[in-house]
Amino acid sequence: MLVMGSMIGSGIFIVSAEIGRETDSPALLIGAWAIAGFMTIVAALSYGELAAMMPRAGGQYVYLREALGPLWGFLYGWTLFLVIQTGTIAAVGVAFGKFLGVFFPSISSTHWILHLWKVPPIPIGPMVLGNMDVGINTQNLMAILLVIFLSIVNIFGVKTGAAIQNVFTAAKVSALLGLVVAGVAIGRNPYALRANFGGTDFWRNAIHGAQHAVQVGVGGPIVLVSTVTILAVAQVGSLFSADAWNNVTFTAGEVKNPSRNLPLSLALGTGVVIALYIACNFIYLTVLPLNGDPHGATILARGIKYASEERVGTAVMTQMLGSTGGYLMAAAIMISGFGCANGLILSGARVYYAMAKDGLFFRKVAKLHPGYKTPAVSLMVQMAWTCVLCISGSYGQLLDYIIFAVLVFYILTILGLFVLRRTHPDVERPYRAVGYPILPIIYIVMALFIDVVLLRYKPQYTWPGLIVVLLGIPVYYAWSRSTKSAPAQG
């Protein structure tokens, strides 16, 4: 439930519009999700071995620390705290507020309670930073209240947080299943079927030698790239939507029989979610045409690529069931966001707790609640920074910027699997990675290719993420020196 709950957020309901615009092909839309699914499951199977070897709180931070050294563990934790985890929680929280506004129109990003500053656009080469409003509006206020509520609830023990996780994950998995079942039963649209599957339309722009237009950076030149390259570019959306599966490893110190349950949860959780994601995209293609008119007057005319505000899931349900379907989908996405935020909050705090125990984060963060034995201080620190991101307006940009870095750390962690096989061959391994060494090598090659492509064609996403990681190096050495010079505690 934690794996599935952390993975399923709002991405599956939104990013297919962007992927559709990039690939301009029904086959490549499915292909982008299939590649993300393959990579996610291979990575999860590899992480299963590390989780079974080292079932301690901190997960990926611990694996990197033990395999490659404390610097790499710190850089991961540093990036996780600044952007990956807290930024994701903030974005999911604001998505919750966004869809709550469907029912209560006064909840809106334009309904300001306290407008502090309009940050101007800051062009840096092909990137544009800034260009955001800072302050509290009714939409991000809902996000802040959600973050505070769930952070406090998770102080009362992992069982309390897990109970919420189970209920909401079951609800949103049911919602995705409901979308698939409804699509199969009543959603098939003859126009969409002809447009997406008729003749050779499904394979449009996917044949050998096809060229795809990509804009380099923000406002940069348009260049033509191969099908393989465009699938790598499209992974920005699909891999992000399938991310956070590794969060279950952060809670390893509080899981019963972790050597068995962690690998099992990783394999089952990622497998179920990826199957649902691919099924949902097939349903999208049976209900709406991929191509459409951005100025179309109806949902069918706009298609998947130009769905209103990129809400593909809502558009599909509205096309099938009318306005009632739109409201049902909005409610489902709110349920999804609530459960996703809870899973991210529950698991992320365990990483900063592990870092603090190693002397690489504020010492008080290593303290457990005296009664509930949960990392209460870590939960509160995470909550405070997440609330700052909620009002900064920068969370969406930060999430885009960090995709490159997320892949870097996945590559490094799977490399750590090879290192530990060589340096600790005799350590007990209750579970061994399926397909080792072939599947992990394939993952590393694919992830490296995607990162190189993103560096070249999506510099606005990649270079800022790389800078955030590199800034952690001097911070690590400063923190290490201060820890070594601190007097021993008696």
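The values are calculated or read from the model by the stated rules, or taken from the named source; none is laboratory data. This one's a predicted model, so the numbers in the text were calculated from it and none came from an experiment. Note that we place each Cβ from the backbone using ideal geometry, even for glycine, and neighbour counts take in every protein chain shown.
Assorted remarks:
- Within the stretch 456-472, if we keep just the residues that are in contact (Cβ under 8 Å) with a residue 24 or more places away in the chain and among the β-branched types (V, I, T), the residue that is surrounded by the most Cβ atoms within 10 Å (Cβ to Cβ) turns out to be T462.
- The condition of being at negative phi, surrounded by fewer than 21 Cβ atoms within 10 Å (Cβ to Cβ), part of a helix (DSSP H, G or I) and not aliphatic (A, V, I, L, M) holds for only one of G325, G339, that being G325.
- Residue check for V365: surrounded by fewer than 18 Cβ atoms within 10 Å (Cβ to Cβ), within 24 Å of I144 (Cα to Cα), β-branched (V, I, T) and without any contact (Cβ under 8 Å) to a residue 40 or more places away in the chain: no
- Residue match in the stretch 40-55 (condition: closer than 30 Å to A315 by Cα, at pLDDT 90 or above and not polar (S, T, N, Q)): yes
- Listed by first and then second residue, the pairs with beta-carbon distance under 8 Å, at least 6 apart or on different chains, first residue in the stretch 401-421 and among the aliphatic types (A, V, I, L, M), second not in a helix (DSSP H, G or I), are V406/D243; L417/A433; L417/Y436; L420/V427.
- The listed residues are T138, T169, T160, and the only one of them that is among the hydroxyl-bearing types (S, T, Y) and at pLDDT 90 or above turns out to be T138.
- Odd one out for T386, checked against (1) part of a helix (DSSP H, G or I); (2) surrounded by 23 or more Cβ atoms within 10 Å (Cβ to Cβ); (3) in contact (Cβ under 8 Å) with a residue 40 or more places away in the chain; (4) more than 20 Å from the chain's Cα centre (by Cα): (4)
- Among the residues listed as I113, I122, I144, the single one being closer than 21 Å to S10 by Cβ and in contact with a Gly (Cβ under 9 Å, 6 or more places away or on another chain): I144
- Residue within the stretch 184-197 that is surrounded by fewer than 22 Cβ atoms within 10 Å (Cβ to Cβ), part of a loop (DSSP other than H, G, I, E, B), at pLDDT below 90 and not acidic (D, E) present: no
- Residue within the stretch 290-297 that is touching a residue at least 24 places away in the same chain (Cβ under 8 Å) and either under 24 Å from S25 (Cβ atoms) or not in a helix (DSSP H, G or I) (or both) present: yes
- A count restricted to the stretch 55-86 and to residues that are in contact with a helix residue (DSSP H, G or I) (Cβ under 6 Å, 6 or more places away or on another chain) and either of a type in the set (S, T, Y) or more than 21 Å from G343 (Cα to Cα) (or both) stands at 14.
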